[in-house]
Each structure stands twice: as structure tokens, then as C-alpha cells.
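*Asks:* Structure provided below as C-alpha cells; questions to follow.
Nothing in this text is a laboratory measurement; each read-out follows from the coordinates by a stated rule. Computed from a predicted model, the values in this text were never measured in an experiment. Here the Cβ positions follow ideal geometry from the backbone for every residue, glycine too, while neighbour counts run over all protein chains shown.
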Amino acid sequence: MKNNKIEAIVFDLAGTLIDFGSLAPSKVLIHIFNKIGIPISRKEAIGPMGIEKRAHISQLINTKKINLQWKKKYKKKPSKNDIDKLFKLFNPELKKIIKKHSKFISGSKRTIEFIKKKN
């Protein structure tokens with residue numbers, strides 16, 4: 001490797017630079033599942049945190065507990081279409097509350113300034 005200069009740094013915002021505990025996405029997940037009559041806990045909501053949200057919803061819906069609740073309520077297994085419908089609800093709800101949870105995590109501003117100084 002001739003060039004060892006770092007050219008880019010990519011951060012996942014929620015829980016990394018802002019929103020300690022990923023409150024915004026977990027609250028939205030709880031809300032959208034409640035909206036369809038499937039209550040989930042915060043512990044369940046944050047289980048697969050850190051992955052893309054459609055995949056996150058898919059993992060949640062396929063956990064044993066949530067899957068059983070789904071089958072009991074809807075008399076069928078959750079489908080790809082069901083996951084798509086939940087995912088479509090996610091971003092509009094997130095936009096409603098994201099500002100409330102967009103405070104920098106302690107140390108993240110210093111980290112960004114350090115990176116800027118190093119070019």
C-alpha cells in the first residue's frame with residue numbers, strides 16, 4: 001500500500017455520534033409495531049440495532065415471540081410484503097421525532113474536530 005492516507009471516515013449517526021442509546025429508532029420501532037397491534041419492548045426493539053432498518057424489521061418480525069404474536073393476530077406468517085409495509089412506516093415516523101434525539105454524544109464533537117485537524 002503506497003498511500004496510507006485516510007480519505008474518508010463513515011459514521012453511523014444514531015448511537016455513534018448522536019442519540020445515545022439509539023432512542024429515536026427504537027421508539028419508532030415500538031410505535032410502528034404497536035400501530036399494527038403487535039406490542040414490542042425496548043429490549044426487543046434494540047436487539048438487532050446497527051443494521052439497515054428493513055433488515056432490522058425483518059429480524060424483529062421473525063423472532064419467535066413476535067412471529068407467534070403475528071400469527072395469532074393475523075392468522076398467517078408475516079410476509080415480505082408485511083415487512084415492506086412496516087418499513088414504509090419507519091422513516092416518516094423517524095422524521096417526526098429525530099430532532100428531539102439529535103444531541104451529540106459526549107466526546108463525539110471532540111472526535112470530529114480531531115479528525116478535521118488531521119485532514
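*Asks:* Points 7 angstrom from Cα along the Cβ direction at Asn91 and Lys116: gap in nanometres?
*Replies:* 2.8
*Asks:* Right, something else. Over the chain, what relative contact order in percent results from Cα pairs under 8 Å that are six or more residues apart?
*Replies:* 33
*Asks:* Considering all alpha-carbon pairs of the chain, what whole percent are spaced by more than 19 angstrom?
*Replies:* So the pairs more than 19 Å apart make up 54 percent of the total in the chain.
*Asks:* Under the 0.36 nm per residue contour assumption, what length would be gained going from the current alpha-carbon distance of Asp12 and Ser102 to full extension?
*Replies:* Details: separation 90, 0.36 × 90 = 32.40 nm, distance 1.28 nm.
31.1 nm is the gain from fully extending Asp12 to Ser102.
*Asks:* Taking the Cα centre of the chain as the origin, how large is its charge dipole in debye, to the nearest 20, when only Lys and Arg (+1) and Asp and Glu (-1) carry charge on their Cβ atoms?
*Replies:* Charge dipole, the chain, about its Cα centre: 320 debye, nearest 20.
*Asks:* Among Ser106, Pro25, Asn4, pick out the residue whose Cα is farthest towards the positive end of the charge dipole of the chain, where Lys and Arg carry +1 and Asp and Glu carry -1 on C-beta, about the Cα centre.
*Replies:* About the Cα centre, the residue reaching furthest to the positive side is Pro25.
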